[in-house]
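Notes to accompany the following structure.
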Amino acid sequence: MSPPERLRIAGGAVHDPANGVDGEVRDVCIENGRIVESLPPDAPRLDARGMIVMPGGVDIHAHFASSACNHARRVLPEEHAADPVRAPALLEGEGPPRSGTGGTVPSTFSTGYRYAGLGYTTAFDAAVAPLMARHSHAELDDTPILDAGFFVLMGNDEYLLRLIDAGERDRARDYAAWLLGATGGYAIKIVNPGGIEAWKAGQRNLTELDQPLAGRRATPRAILETLADAANALRLPHPVHIHCNNLGRPGNAATTLATMDALSGRRAHFTHLQFHAYGGEGGRWASGAAAVIERINAHPEFSADVGQVMFGPATTLTADGPVEYLLQAASGRKWVNIDVELETGCGIVPFSYREKIAVSTLQWAVGLELFLLAKDPWRVVLSTDHPNGGSFLSYPALIRLLMDRSARDEALKAANPKLLAGSALADGLAREYTLNEVAIVTRAGPARLLGLRHKGHLGPGADADVTVYARDPDIAKMFATPRYVIKAGRLVVEEGQLRRAPRGSRLHLRPGYDPAVLRDLRRHFEAFSTVSFDNYAVREVPGPPLEITG
Ligand SMILES: [Zn+2]
């Protein structure tokens, strides 16, 4: 037997909110990839005196490992030329190090390196078409360091819609369970319920919860209820993950609130809430953040990630094809729009958010209002919907905006105020996030919302994913350049340099279901799919599925 691998992170100020630790100076002990209570005094030490110690970051919603991302990479050769990524100087035997490209949609290896360089050790791709699940697993195989998984798109799936039309909600739950296992996915994702199918079928979009798809009974409401109930009945670790109807449209806060009303009492996660929190009437833009966040505050069964917009380049990339049609028409930029057989769609438009543009500024302000008016940071966590609102590399700048009111006020002064009448941010919000609140919205909160019991905290038994920051008066710089990052007990970043790039593990589920669903499903595949039923399921998902403990 080889000796246990041990490390004592000694003397840092520890922020471990899941265990009630708020900046106390203490040691964090690691043995064989897990946090342990204590170690013998002669165990190897990492001197963290004067530094800040947090669990590794957990990204609940980003797009970095999908066929859609690959289409985006193809459309953006100019970004590859502008941001080449050299192979990191990994230690001997820790390679081979891989070069790649950066920009808003980095190549696979660069994605793993850059997330780790930022102190993030776990991330989920938030939108994978079931048919393209193999592609996502292949990309994740080449995305080092991160423990990762993905959410499976179901809100516009032809077979599910047929079951809803027929009122077969139990069958729909079994189908959702089968689909998660067949794809090696982690959670159920809904994007623009029914609206993508409407777009593909020439109905353009669905804008009201009770508007049926042409020629069918299924409505956005029925899709939302069916899949929210399925996730909860299956005791999935993460509830249904919802991108509401009418993303990015003025006045869409009304739709978001109606969706919350429809799901009241059911556990549900509302994603990139910023893109769904615009007030205003008759096509005029205004902030609707206050009403939307008040609803989240009042409903402990709901959670959200913000989807903050950051000024600078972005790539909008979503299953919501009709939204991208509108964005392309407004921006005149190049674009991609693809139907994914019977399952979903995909649209891509490169974009840039600018201080001088009134709508960009409004979106930026709405996101900050959601953060600053949220009462419970455990339920309203950080995202930029990478790369839609901005790259994950902008998280440190976002953290500065949350922690430093004067930085926020400076940014606000430089921004176009035209649409900010009635905005809480423009009226002045004094709140400044504490380090512990930052630790909640970037690691402890997302881990809890994802049901990852071994992540987002530093208690005994937790995965030894740890980030150590050297204090710096420049908050953005501090969060952008951790001094040490430890992944599963191994030092991947040392003295700010990436030194090791081990493979991460795959986070996936295989819920149980009544196999009676398979007979009809097989017929459906034979009649309509280009892929045979027997070849559809992903065979070699690395590692066992996570246990569903409810
Ligand atoms: Zn997204």
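The values are calculated or read from the model by the stated rules, or taken from the named source; none is laboratory data. Fair warning: this is a prediction, and the values are worked out from it, not measured in the lab. Neighbour counts run over all protein chains shown; Cβ positions are idealised from the backbone, glycine included.
Annotations
- Flag if Asp320 is among the charged types (D, E, K, R), closer than 28 Å to Asp427 by Cα, within 16 Å of the ligand (Cβ to nearest atom) and modelled with pLDDT of 95 or more: no
- When the stretch 129-152 is limited to residues that are within 16 Å of the ligand (Cβ to nearest atom) and touching a Lys or Arg at 6+ places or on another chain (Cβ under 8 Å), the one that is nearest to Ser532 (Cα to Cα) turns out to be Val152.
- Qualifying residue in the stretch 175-195 (condition: in contact with a Lys or Arg (Cβ under 6 Å, 6 or more places away or on another chain), more than 14 Å from Glu343 (Cα to Cα) and of a type outside the set (Val, Ile, Thr)): yes
- For Asn156, the conditions (1) closer than 21 Å to Glu225 by Cα; (2) part of a helix (DSSP H, G or I) all hold with the exception of (2).
- Scanning the stretch 492-521 for residues that are under 23 Å from Tyr186 (Cα atoms) and either surrounded by fewer than 16 Cβ atoms within 10 Å (Cβ to Cβ) or among the small types (Gly, Ala, Ser) (or both) returns Pro502, Gly504, Ser505, Gly512, Asp514, Pro515, Ala516, Leu518.
- Considering the stretch 63-87, and only residues there that are outside any helix (DSSP H, G or I) and more than 16 Å from the ligand (Cβ to nearest atom), the residue that is surrounded by the most Cβ atoms within 10 Å (Cβ to Cβ) turns out to be Leu76.
- Options Ala277, Ala231, Ala222: the member that is within 16 Å of the ligand (Cβ to nearest atom) and surrounded by 19 or more Cβ atoms within 10 Å (Cβ to Cβ): Ala277
- The stretch 280-308 - residue that is within 16 Å of the ligand (Cβ to nearest atom) and of a type in the set (Gly, Ala, Ser) and, of those, surrounded by the most Cβ atoms within 10 Å (Cβ to Cβ): Ala304
- Matching option when the condition is touching a Phe, Trp or Tyr at 6+ places or on another chain (Cβ under 9 Å), surrounded by 19 or more Cβ atoms within 10 Å (Cβ to Cβ) and on the phi < 0 side of the Ramachandran plot, among Val21, Val28, Val58, Val14: Val58
- Among the conditions (1) more than 19 Å from Thr318 (Cα to Cα); (2) among the acidic types (Asp, Glu); (3) under 21 Å from the mean Cα position of the chain (by Cα), Asp165 misses just one, which is (3).
- Within this structure, Tyr395 passes the test of being within 16 Å of the ligand (Cβ to nearest atom), closer than 29 Å to Asp27 by Cβ, in contact (Cβ under 8 Å) with a residue 40 or more places away in the chain and not β-branched (Val, Ile, Thr).
- Given (1) out of contact with any Asp or Glu (no Cβ under 9 Å at 6 or more places or on another chain); (2) of a type in the set (A, V, I, L, M, F, W, C); (3) more than 15 Å from the ligand (Cβ to nearest atom), number of the condition Phe311 does not satisfy: (1)
- Verdict on Leu412 being within 24 Å of Thr318 (Cα to Cα), away from the ligand (no atom under 16 Å from the Cβ), part of a helix (DSSP H, G or I) and out of contact with any strand residue (DSSP E or B) (no Cβ under 8 Å at 6 or more places or on another chain): no
- Restricting attention to the stretch 211-256, the residues that are assigned to a loop (DSSP other than H, G, I, E, B) and either within 24 Å of Tyr325 (Cβ to Cβ) or at pLDDT below 95 (or both) total 17.
- Scope the stretch 319-341; condition more than 25 Å from Tyr159 (Cα to Cα) and among the polar types (S, T, N, Q); matching residues: Gln328, Ser331
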